[in-house]
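Below is one structure, written out as structure tokens, with a few remarks after it.
The values are calculated or read from the model by the stated rules, or taken from the named source; none is laboratory data. Since this is a predicted model, take the numbers as computed values, not measurements. Counting neighbours? That spans all protein chains shown, and the Cβs are built from the backbone with ideal geometry, glycine included.
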Amino acid sequence: MSAADRPELRVTVFSDYICPFCYIGNARLDRLREHFDLKVNWCFLEIHPETPAAGRPVSELGYEPEHWLQMMAVLEKMIKEEALPYAGHVFTANSHLALLLAESLKEEGAETFYPLHRQLFTSYFADAANIGDEAVLARAARVAGVSRQSLERAWTDERYEICLKQYRALAHELGVTATPTFFVGHECLNGAVPAADLLAAANRAQASGAATDVGG
């Protein structure tokens with residue numbers, strides 16, 4: 001299907017760059033681009049704001065060891081299914097600065113936002129870099145072609161802090177309890193659901209005329 005023939009689909013996603021299932025969910029969501037002119041309303045939801053800038057081991061997140069092992073087994077199976085680069089998940093970072101940076105680039109358009117969006121996932125999950133570190137984020141920004149001016153704006157303009165607070169309030173209002181959470185038409189899909197489930201929801205949204213995001 002050519003780009004001109006793809007119908008527009010608006011989707012809202014609650015996501016965080018340190019969430020491994022968001023990494024998978026992002027890859028699965030991308031598959032919808034084969035069928036739709038996808039417009040995503042990214043609502044960034046900081047899942048571990050208590051994490052220090054230096055990061056910490058995932059063992060300190062409070063999961064029961066057996067439950068964590070089960071989660072990681074499921075995660076690694078999904079990672080292999082999507083053929084995503086992955087360095088393991090033994091360290092968690094503070095994502096606040098990364099979320100501010102991504103939020104600021106949304107206003108510069110998809111051509112600027114998406115290279116950085118993908119690079120943040122790559123830096124954290126493929127390179128095992130601490131994306132809570134300003135120097136690491138500055139390096140990721142350079143790789144993605146983000147200007148120094150844009151980088152500085154992201155961390156000094158209070159508008160982006162306000163946006164993160166609004167996303168948290170919206171998540172509470174909508175009953176969002178997990179990342180990723182996808183809103184496709186009138187449907188809510190929790191977690192890194194199969195790409196086939198996303199496509200089915202998208203087709204239902206198109207058929208019902210409900211192909212709009214919750215933010216718009």
**OP:** Specify which of the listed residues (H96, H67, H89, H117) is at pLDDT below 95 and crowded, with 18+ Cβ neighbours inside 10 Å.
**Re:** H89
Original post:
Which of (1) without any contact (Cβ under 8 Å) to a residue 60 or more places away in the chain; (2) touching a strand residue (DSSP E or B) at 6+ places or on another chain (Cβ under 9 Å); (3) at positive phi; (4) not acidic (D, E) does G55 not meet, given it meets every other one?
Top reply: (1)
Subject >> T156, sole failed condition from (1) over 19 Å from C22 (Cβ atoms); (2) under 17 Å from the mean Cα position of the chain (by Cα) >> reply: (2)
Original post:
Looking only at residues in the stretch 150-177 that are in contact (Cβ under 8 Å) with a residue 40 or more places away in the chain and over 27 Å from T112 (Cα atoms), which one is surrounded by the fewest Cβ atoms within 10 Å (Cβ to Cβ)?
Top reply: L174
**OP:** Quick one: K80 ticks every box in (1) surrounded by fewer than 20 Cβ atoms within 10 Å (Cβ to Cβ); (2) within 28 Å of N203 (Cβ to Cβ); (3) in contact (Cβ under 8 Å) with a residue 24 or more places away in the chain; (4) not hydroxyl-bearing (S, T, Y) except a single one, so which number is it?
**Re:** (3)
